[in-house]
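Have a look at the structure below, then the notes.
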Amino acid sequence: MADMELLDSARHAALRVSSAPDATRHFVQLVAGEFLSAALHYPILFARNPETGDLYPGALMGLVPDENLCLGGKGSLSGYRPADLERQAFYVSGENIAIDPAHPALTQADGAPLFEADGSPAPALRRVQAALRTLHSGLPETEAFIARLLEHKLVEPIDLSFRFDNGESLRLDSLYTISLDALHALSDQAALALFRNGDLQLVYAVAGSVRHIPQLAGRRNDRLSGLAE
């Protein structure tokens, strides 16, 4: 268990936060409110929590652990940065924010300052605060959304198998997507209920986001072939 500290503008005046740990994140948890933005850049799939077995959505950014294929030349995401990345090393503790001071996001010399000279939140901290609010309010909404998907049997496993030019074969198991066949077979009443809840636009965003998977495979192939920039 990490040794947590409550964030304090005096004690942590010199603390900086870095996005460097993004490079090791290949599957980043999302909440439903992020789907429309994230779907423009990443495949959105569902995985199972290893402790509870419950499904949760995430942005697939790499095909193997500790590999992020979505980073630009400067090591940063060129598209939407999910709240779960923004809040790395930061946690909600009652009415306060707690930090894990040993987290890699807080141990990089080139990070952005958390506080201004007068002790007020700097832009980096304001982004963290917004991310924590997004997750805090979005997690219950996302759980309810997934419950409705499961009620209508709209989630199915996705087969992700790849073969790269260097001979490497790769298969990703235990990931799930939206079943469009099941969606289109819904009764008018069920479809209308999903529409009224605002679920349909999220469902189609998730289903359409799988178009990014071949792009990820292409980037990994280039990396394995030594062609990546």
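Ligands, DNA and RNA left out, the accessible area of the chain computed with a 1.4 Å probe is 50% carbon and sulfur. Entry comment: accessible area of the chain is 54 Å² per residue, from protein heavy atoms only and a probe of 1.4 Å. Between A122 and E156, the simple spin-label model (points 7 angstrom out along Cα→Cβ) gives 5.0 nm. Quick one: net charge around Q88, please, counting Lys, Arg +1 and Asp, Glu -1 for every other residue with C-beta under 14 Å from its C-beta. Counting the neighbours of Q88, the net charge comes to +1.
Filter the DSSP H helices in the chain by two things, a Kyte-Doolittle mean of at least -0.5 and an axial alpha-carbon span of 18 angstrom or more, and list the hits by number. Correct list, ordered by number: 123-151. Shown in residue order for the stretch 83-89 are the 3J(HN,Hα) couplings computed by the Karplus curve 6.51 cos²θ - 1.76 cosθ + 1.60 at θ = phi - 60°: 4, 5, 7, 4, 9, 3, 6 Hz (x for Gly and Pro).
Using R₀ = 25 Å, calculate the FRET efficiency as 1/(1 + (r/R₀)^6) where r is the Cβ-Cβ separation of H103 and A144; round to 0.05.
Once the sixth-power term is evaluated, E becomes 0.25.
Charged neighbours of N221, selected by a Cβ distance under 10 Å, balance to +1 (K, R count +1; D, E count -1). Full extension of the chain between A182 and K74 yields a length gain of 34.7 nm, computed as 0.36 nm times the residue separation minus the alpha carbon distance. Counting 0.36 nm for each residue step from N166 to R223 and taking away their Cα separation leaves a gain of 19.5 nm.
By the helix-only formula, in which each DSSP H run with n ≥ 4 contributes -39500 (n - 2.57) and the sum is divided by residues, the chain has a 222 nm mean residue ellipticity of -9500 deg cm²/dmol. Summing +1 for each Lys or Arg and -1 for each Asp or Glu among the other residues whose beta-carbon sits under 12 angstrom from that of Y56 gives -3. Extending 7 Å from Cα along the Cβ direction at R133 and again at R211 yields two label points whose distance is 3.2 nm.
The values are calculated or read from the model by the stated rules, or taken from the named source; none is laboratory data. None of the values given here were measured: they were computed from a predicted structure. Here the Cβ is made from the backbone with ideal geometry for all residues, glycine too, and neighbour counts use every protein chain on show. The protein model used for the area step is the full one, side chains on, heavy atoms only, and it has no ligands, DNA or RNA in it. Shrake-Rupley method; radii C 1.70, N 1.55, O 1.52, S 1.80 Å.
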